[in-house]
Every structure is written in structure tokens, then in C-alpha cells.
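Working notes, beginning with the structure itself.
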Amino acid sequence: MSRALLVGFLSVIIVGITDYVTGINVKLAVLYLLPISFVTWFAGRKQGLLISALSVIVSLTEEFFLVERYYSHPAVPFWNAVTRGGVFIIVVLFLSRLKTALEYEKEFSRLKTDMLSLISHSNLAITSTLNLHTVGKSLLETIEAFFPGCAI
């Protein structure tokens, strides 16, 4: 079990106990999003969904023990669990997509930097000499770097 998943599991249990102790007057259900977000970001989508399911189970259990004292109907905790579960899943999917987009952007930025470096190197090679053979060789190397297999 990864450390992030273990931290998320323990955090969900702590939030559930704290939510139960505070009773219906102060609901801490939004705090379940902290371990869900943490696990999703550092461990991945599947683990985030696992912690989301655990959060729904813990919150349902906590509310189930309060149902007779505070709720007008016994189905209210189940409705709350379904609603929370939907929100938790949306958060997990959003965060996993955001992380993928950031990783893509990071790779794309690295590729752009590499291309600019090649262009700069080629520009320096072309302008630093009047030898046509050296200039042609530099241009072919740059073309080969951009389009592998084209400038043989």
C-alpha cells in the first residue's frame, strides 16, 4: 500500500470520527475532499476513487448512527451518501484530468525548449562561418533533428 493511500485512509477515518463527534450541528463532510484530493493527485485515479468510496461508506455509517436523533426520514443519510459520492467522483475525475494536462504541458514545454535550442545552435553555426560545406552540414543536422530520417 502506498504512503499516499495510507495517509488518505487514516485521514478519512479521522474526518469521519470528528464529523460524528460534532453531530448534526456542524457537518464536516467537505473535509473528505482533502484526503480524496491528496490521494488522487499523488497516487492516481483508481486510488482516488477507492478513497472516495471509503469516504462515502464512513460518512454513511456516521450519519446512519445519527438518523433517529436528527433526521426527519430514514432515507436522508442514503441520499446524502449518493450526493457526496457523486461530488467525490467528479472531483477525482477532474483532478486526474488536470494532472494529465499538466504533465502533457510540461512535456510539450520541454520539447519546445529543445527545438529552440536546436534552432539557436543552427543559427550560430550558419552565421559563424562562410564555409558552404559547414553551413550545409549544420542545416542537414537541424533538419534531421526536427524530421528524423528526412535529411540523410
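The values are calculated or read from the model by the stated rules, or taken from the named source; none is laboratory data. In this text the structure is predicted, and so the values were computed from the model without any measurement. Cβ sites come from the backbone with ideal geometry, for glycine too, and all protein chains shown count toward neighbours. Ligands, DNA and RNA are stripped out before the accessible areas are found, and what is left, the full protein with its side chains, is counted by its heavy atoms. Shrake-Rupley method; radii C 1.70, N 1.55, O 1.52, S 1.80 Å.
Values as computed for the structure displayed
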| item | result |
| --- | --- |
| Filtered residues of the range 60-98 (kept if basic (Lys, Arg) and open to solvent by 60 Å² or more (accessible area, probe 1.4 Å)) | ARG69, ARG97 |
| Index of the failed condition, ILE36 passing every other in (1) surrounded by 19 or more Cβ atoms within 10 Å (Cβ to Cβ); (2) of a type outside the set (Lys, Arg); (3) modelled with pLDDT under 95 | (3) |
| Number of the exception - ALA101 against (1) open to solvent by 60 Å² or more (accessible area, probe 1.4 Å); (2) under 38 Å from the mean Cα position of the chain (by Cα) | (1) |
| Residue in the range 26-39 that is of a type in the set (S, T, N, Q) and in contact with a Phe, Trp or Tyr (Cβ under 9 Å, 6 or more places away or on another chain) present | no |
| Any chance LYS46 is over 20 Å from the mean Cα position of the chain (by Cα), closer than 20 Å to GLY86 by Cβ and surrounded by fewer than 22 Cβ atoms within 10 Å (Cβ to Cβ) | no |
| Candidate set: the range 20-32, residues that are assigned to a helix (DSSP H, G or I) and closer than 20 Å to ILE89 by Cβ; chosen: the one most open to solvent (accessible area, probe 1.4 Å) | VAL30 |
